[in-house]
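Read through the structure below, which is laid out as structure tokens, and then see the notes.
The values are calculated or read from the model by the stated rules, or taken from the named source; none is laboratory data. Please read all numbers here as calculations on a predicted model, not as lab measurements. Positions of Cβ are backbone-derived with ideal geometry, glycine not excepted, and every protein chain shown enters the neighbour counts. To get the accessible areas, we keep the full protein, side chains included, count just its heavy atoms, and leave off ligands, DNA and RNA. Shrake-Rupley method; radii C 1.70, N 1.55, O 1.52, S 1.80 Å.
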Amino acid sequence: MGGHYTRHRFVSQFVGRPWWITAVGTASVVAYVLVVYFFGPALAWGNNIVLLGGFVGGLVAGFGLGTNSYDGMVAGLRAGAYGVVVLALLAVVALFVLWYSASRQLFLYWAPFYGAVSVVALVPVYGFSGVVGGALGVVVRRWVVPDHLNPDAY
């Protein structure tokens, strides 16, 4: 009985209720940044196009949640922050593979270091832009979707 409560509390505090809102927001952050990386302009990594990933994830999470602006901001914060963590893990794996294929040596120090630096540097930026996007996503949903299809604002 205690294990079920602990798991329920962990999910509620760490990923939020419902959990799929955070998952969809995080996936949209990852998809946006990868699309910009592979199909965007060559100079996209030096300007604010990449930093909009948190905003896009927050917008999607807030639109999907649709309850109130505060909950939308929290969902956007989670989506932006978790999106950066997932991107950093993908970058660490890619750096391991690329460095090993180029030099036949495993760079066990530098790849996690670059991943950790990107998390420390980008989580606040993506989190804040996710907060703004989450609040805006809720407002847009409340404005566009008919009232009988919106959840209670509680």
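Summary table below
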read-out	value
Test result for LEU136, at pLDDT 95 or above, under 21 Å from the mean Cα position of the chain (by Cα) and either open to solvent by 70 Å² or more (accessible area, probe 1.4 Å) or farther than 20 Å from VAL30 by Cα (or both)	yes
Criterion: open to solvent by less than 70 Å² (accessible area, probe 1.4 Å), modelled with pLDDT of 90 or more and either closer than 24 Å to ASP147 by Cα or assigned to a helix (DSSP H, G or I) (or both) - qualifying residue of GLY3, GLY76	GLY76
Per-region count, region 21-47, residues exposed (fewer than 14 other Cβ atoms within 10 Å of the Cβ), at pLDDT 80 or above and either assigned to a loop (DSSP other than H, G, I, E, B) or of a type in the set (Phe, Trp, Tyr) (or both)	3
Scan of region 26-47 for residues that are within 19 Å of LEU136 (Cα to Cα) and of a type in the set (S, T, N, Q), ordered by number	THR26, SER28
So VAL50, is it of a type in the set (Val, Ile, Thr), at pLDDT below 90 and open to solvent by 50 Å² or more (accessible area, probe 1.4 Å)	no
